[in-house]
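Report on one structure; see the data block that follows.
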């Protein structure tokens, strides 16, 4: 029998497909892109959008690792409708999706699962409301002052401090000292000041007394009658907002039946409103008594006067 030799090629034959559309240059680009897609080299943003096939609903659920590959071979990330917030050290809040934390920052910067940075308001940005001032002022912040002066210089016409008394809200004595002026005393003015020669024997030097007095007055509301004269003798100017001058409070004059724009003496106001007699006799005035009377007069109109000053801060 004659042997029959057959030359059979088992390699699958490629069916002639349809000719790819476009010019040769475009076809070459498509072939190169398919190769890159199979190798997974193309970036995610360059891959074509995968659309669900008609009639099959949504995409395949990417439940397990290794499944859910797209048509181009790119890895599909899990979709979680509730991303977990992650707070950073600088106070910013970033929202990351599951699986994105394991990716390298340099590699994940160009993918769709980028962390979204949401700036959060830093703590403590709300403006703190300032507490309104106490109304009426607290008693520890209120003091009354009265000073007695003597005459120095040519003819004794210069008034220098010779005694100073400071009392608290309830009349307690906080300071009461005789003070020796820097210049020689020409006129003691004993009839009004009550100062005599022997009072100056153990008097406090003016510089030392000034330091002690200003330490007491610092931050306090100072009440006085014609108190500008006392400050002038102390060579000091107290803040206007912390000064209460009973000689310039129209409410006191009105309550006493005096004209509002006239400065009434402390003696007359005390007699009319407090029914007390002060500055009597020929021994002179007592600065402690005058300071206490001034504080009592202030208390008569304290609530009304402080409310008026709160509503009209620029007025005296």
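The values are calculated or read from the model by the stated rules, or taken from the named source; none is laboratory data. Every value quoted in this text rests on a predicted model; they were computed, and no experiment measured them. All Cβ positions, glycine included, derive from the backbone under ideal geometry; neighbour counts span all protein chains shown.
When region 289-316 is limited to residues that are surrounded by 18 or more Cβ atoms within 10 Å (Cβ to Cβ) and in contact with a strand residue (DSSP E or B) (Cβ under 8 Å, 6 or more places away or on another chain), the one that is modelled with the lowest pLDDT turns out to be 305. Highlighted here are the strands (runs of 3 or more DSSP E) found entirely within region 146-191 that include at least 3 residues which are more than 16 Å from residue 231 (Cα to Cα): 173-180, 185-187.
Taken over region 178-199, the criterion of being within 51 Å of the chain's Cα centre (by Cα) and more than 11 Å from residue 148 (Cβ to Cβ) is satisfied by 180, 181, 182, 183. Among all residue pairs at least 6 apart or on different chains, which show Cβ distances below 8 Å where the first residue, located in region 207-235, is at positive phi and the second is surrounded by fewer than 20 Cβ atoms within 10 Å (Cβ to Cβ) and assigned to a helix (DSSP H, G or I)? Listed by first residue and then by second, the contacts come to 219/141; 219/242; 235/210. Taking the criterion of being part of a strand (DSSP E or B) and surrounded by fewer than 16 Cβ atoms within 10 Å (Cβ to Cβ), the only residue of region 205-222 that qualifies is 205. Filter region 223-263 down to residues that are in contact with a strand residue (DSSP E or B) (Cβ under 8 Å, 6 or more places away or on another chain) and assigned to a loop (DSSP other than H, G, I, E, B) and give me whichever is surrounded by the most Cβ atoms within 10 Å (Cβ to Cβ). That would be 225.
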